[in-house]
Structures are given as C-alpha cells and as structure tokens.
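As structure tokens, the structure follows; a few thoughts come after it.
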Amino acid sequence: MSSVITTVEGLAALLAAQKSAFTAEGAVDAAERRRRIQQVIDLLVAWHKPLAAAMDEDFGHRPQGFSLMNDVLGSLASLKHARDHLEDWMQPQERQPFAPYDQLGAKARVLYQPKGSVGIIGTWNAPLFTLLSPLAYVLAAGNRAILKPSEIAPRTAEVLAAACAEHLDPLLVGVAVGGVEMAEGMTRQPFDHLVFTGSTAVGKAVMRNAADNLVPVTLELGGKSPTIVSRSADLATAAFRIAAAKAANGGQLCVNPDLIYVPREQLEAFLAELKGAYASLFPQVQGNPDVVAVVNARHLARVEGLVEDAIAAGVRVESLPEASAADPQDRRRPLRVVVDPPADRRIQQEEIFGPAMVLLPYDAIDAVLADINARPRPLALYWFGTDEAEQQRVLEHTLSGGVTINDAMMHAAMQDAPFGGIGASGMGHYHGREGFLEFSHARTVFEAGSYDPRREWGLLPPYGEHFLAAMEAQVTP
Ligand code: NDP
C-alpha cells in the first residue's frame, strides 16, 4: 500500500487497513513507540534541507534558518520530549476501590491505551509543525496516524510525502495530499481521533462532520491574542519583545500579538519605541532576506483589506519602516500599526494573521479586562509589567488558551506543558503529559475479590425488610 494517498477512497482504504493492523497488534510497548518516534526524527534529520527549501519556495520567501527553527527544531523538540517521557506517562495507575470492596480483595487501576488511528489536518503557516508536533504525542500514546498537509504549501506537502514514503510504513503513518475536498473528506472518516489546526470557521465545520461518527476532536484554532502593556512595564523592553514576536513568520502565527493595549498617556512613547525596535530588526523590508513574505496574493489582499477598511474610517495607520513603492512580485511588507480603530472596524474583529497590529489606548486596566472578556476567548494572552497585583488580577479575570508574561508566544514553545485553546480558540491539547493523555483512552479496570458479600448482607433481590432502612441509614451529609 502506498503511503501517499491522493483520493478520498484511498484514504478510507488506508484508514481501514490501519484499523485492522491496530486491532491485530494489541498492546504497543514503550520500545515500539520509541522506535516509531525515532523514525520520524530520522526523517527530519535526513530531509531537513529539502523541507526548509520547500517552505522558502511555498512562502515566496521564508529564511531557511527560520524554517529550521520554527518547523524542524520545533517538531524535533516535541518528538524528543515524547520519546524520552512516554514510558513514564504510559504506566498504569493504581486507584482506590470503594468501601467495602477495598477491604474484600478488590483492586482497581487505570490503563492508558491508544485510541487507534488519528487524522491530523495541518495548516500552511507552520506546515511541518502543525503536523509533526501533534504526531509526536499521537505516536507516544501508541496510535497510528494519517497526515493531511495544507495545499497552500504544496511544495512542502510534496517533499513531506516523499520523506514519509521513504521512512515510514503507511500502516503506521500515511500522508493524504490534496485540497479542501481531501481535507473535508478526512473529517467524514471514522477516525478514532481528529486533530485540526486552522481557522475557527473551518473548525466548526470539522466538528460538525466529526460528530456524525462521534470522532473526538482536538481543535487548534486562532484568535486575537490580546497583549497588555501595564503602566508598570518597561516600555522599551515591551515594545522590542512585541515587535520581535509580531515579526515572527511575517505575523502569520496563531499566537502573534494582534491587539496591543497601551496606557493612553504612553501611546506615543510606545509607538516610538516600537518603531525603533522594528527598525533595529528590519532596516528595510522589501528584498530583506530576514523577512517572511505573506504566503500568497489572496492572504496579502486579505491583510491589506483589513488595513484599508480602517483607513477608510479615517483611522491613523503607521508603517514600520516607512512604506516604499511595493514590488508586486515581492510579498514582504512593512508592519502596519493601526491606532485606535473604532470597535466596528474589521481589524478589531477578525484575526489579522499577517503584518499588521492594532494599538488600543486605555485608561483603567478593568476596561481592558472588560474588552477582552467581551470578545471570543483568545488562544494566547500577554501581559507586560512588574505590578504583581495587576498581573494576578489579569490572570484571574480573563481566560485564554495560554499566557506569556513579559514576552509573547513563549508558552507555545513549552514541551513540558499543554498547548491549546479554549472557546473560539479551540479545545484539547498537545505537548506534555496532557498531550499524551489527549490521544490515550483512560480505561478503568476494576478487579473483584473472590469473596462477594452482597447476598449475605441482603443487598441483592429479593430485597428483605431491612434493605430500604439500610440504604436510608447511609444517606448522610
Ligand atoms: P483554514 O481553516 O482555512 O485551513 C486549515 C486546514 O483546513 C487546511 O489544511 C485546509 O486545507 C483545511 N480545510 C479547508 N477547508 C476545510 C473543510 N471544509 N473541512 C476540513 N478541512 C478544511 O486555516 P488557514 O490555513 O488559513 O490557517 C490559518 C488559521 O489557523 C488561523 O486562524 C490560525 O490562527 C490558525 N492556526 C492555529 C494554530 C494553533 O495551534 N492553534 C497554529 C497555526 C494556525 P487546504 O489548506 O489544503 O485547503
């Protein structure tokens, strides 16, 4: 059977074959799980150069060092963490049986068993990471998988498929290539779990389709990642770290800062620091080999449309660095900073996912919390400052997938802690022990003792005269 699938029928056949192999195999021990993860590690080591070149080509420019850091090393970090911890994670846990059976020889334990075959639908912005980082935890839990790379990064999809064909048995890890039809077809299959990374709108459609087969889903969606600059923050440090985070992948990461709340009286000072920081990172943009391009003309038009919509309402927009005449063949763009747009502008509501951000001046921190809470739950939240009471107030009065304090995006790179969204930004996790648990079935096993006292104690039918009274006596506070 080929490991590269190009039709939905082929996908259904591979899934059926994986399920049969899974059932026939039974338990997957730690050594076998490590061996499978190691094969993916070896694949990345052998193919990292063609993969980085493919990502460069797909974006129309993405520094290969950045692709190695973000997608190859990011995936390797997940794979190595999972490989090195899975044996601890998979140990059965003894549990306490309830009285009186605990006194009568009963035992109980929880087994963490693989679910079966997991579908993983990735996206173009991190075209390897969104497939291989969840795959690490899927394999750690003893499952098999079928990967669906995004058609928006077609060269990467092609190279990854070739690498998988060379290194991996399709009955363990297969690849389905194609566009929306294949992605949609995948959500209609009876997988044992589905991981989807993408937009909130498509995430809803994925969950609807998965419901037909009661397939559990992990949805890694987006959001507007609110970023609060406290009055207690060092403005220069905050501006530099926000600039560096926003610039990562040309603003095309699910955890890039999007809405920046700045104390009203410090707005101009913050903007000046941001300009200085951005200029130190990128003295110019077009032709600069360090800048990641917007992935395609459609996404560029979408991001520019969000900015134009604000300009049409008379909103101030700064360009970092100053915009020069754009070469239409080059999709590297300056950062557009949209200052205090009205709440009804599209850039206030839609995820930007590109080289633009919004500055929102505030007077009181509670107004910031109210604004964040009035919006859909974000994937990430950032707070810069030294006032610990305010930090606590922000953590206790908001919800988001994760939080980074005094920087941005760092929590998402943690391997030893769960990564995932809440509400509109998704559900479920990968990374860490929680990632292993996400793709395992926690199965309770109760083992009875040899002595069964129920009949002797009058607890079985026909109920005697004392049964009701005995039950009532136990209804205690
Ligand atoms: P989309 O939702 O448009 O696409 C995501 C994936 O879904 C792609 O593989 C796409 O296939 C596939 N797809 C498209 N239509 C359907 C459908 N009807 N049913 C099933 N699958 C479908 O998102 P984008 O590609 O534009 O990615 C950007 C979004 O992803 C942003 O919202 C971002 O925040 C989020 N994201 C979240 C991350 C997280 O970890 N939480 C990480 C990275 C991004 P194809 O591309 O082949 O058409």
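No value in this document is a laboratory result; all are computed from the given coordinates. Fair warning: this is a prediction, and the values are worked out from it, not measured in the lab. Methodologically, a virtual Cβ is constructed for each residue, glycine included, from the backbone with ideal geometry; neighbour enumeration extends over all protein chains shown.
For the reader, a short list of remarks on this structure follows.
- Whole-Hz couplings from phi, Karplus 6.51/-1.76/1.60, listed for segment 465-477; x for Gly and Pro: 5, 8, 4, 4, 5, 5, 5, 4, 5, 8, 7, 10, x
- Taking every DSSP beta bridge that has both ends in the chain, the antiparallel portion is near 35%.
- Amide N of segment 356-389 lying under 19 Å from the label point, which is placed 7 angstrom from the Cα of ALA417 along Cα→Cβ: 378-389
- Taking the C-alpha atoms of segment 226-418, convex hull volume expressed per residue in Å³: 121
- Pairwise alpha-carbon distances in segment 297-355 exceed 20 Å for 21% of all pairs.
- Under Karplus coefficients 6.51, -1.76 and 1.60, residue-wise ³J(HN,Hα) of segment 243-248 in Hz, glycine/proline x: 4, 5, 5, 5, 6, 4
- Percentage relative contact order, the chain, counting C-alpha pairs under 8 Å, at least six apart: 19
- With all pairs of separate Cα atoms included, the chain yields a Kirkwood hydrodynamic radius of 24.5 Å.
- For VAL403, nonlocal amide neighbours, meaning residues 5 or more places apart or on other chains whose placed amide H falls under 5 Å from its own, are LEU381.
- Student exercise, the chain dipole from Lys, Arg, Asp, Glu Cβ charges, in Debye to nearest 20: 660
- Of the cross-linked pairs LYS49/LYS224; LYS224/LYS246; LYS115/LYS148; LYS49/LYS246; LYS148/LYS204, those separated by over 21 Å at the C-alpha level are LYS49/LYS224; LYS49/LYS246.
- Candidate aspartates and glutamates - alpha carbon under 19 Å from LYS275, same-chain residues fewer than 8 apart omitted: ASP234, ASP258, GLU265, ASP290, GLU318, GLU322, ASP340, ASP407
- Our estimate of slack between LEU104 and MET471, defined as 0.36 nm per intervening residue step minus the Cα-Cα distance, is 130.1 nm.
- Whole-angstrom gap from segment 66-86 to segment 172-199, using each part's C-alpha centre: 22
- With all pairs of separate Cα atoms included, segment 73-168 yields a Kirkwood hydrodynamic radius of 15.7 Å.
- Only one residue of THR6, PRO477, ALA244 has its Cα farthest out toward the positive end of the dipole of the chain, where Lys and Arg carry +1 and Asp and Glu -1 on Cβ, and that residue is THR6.
- Efficiency of FRET between LEU459 and LYS204 - r from beta-carbon atoms, R0 51 angstrom, step 0.05: 0.60
- Alpha carbon centroid spacing (whole Å) that separates segment 415-473 from segment 104-167: 28
- Inter-centroid distance (Cα atoms) of segment 207-223 relative to segment 229-299, Å: 33
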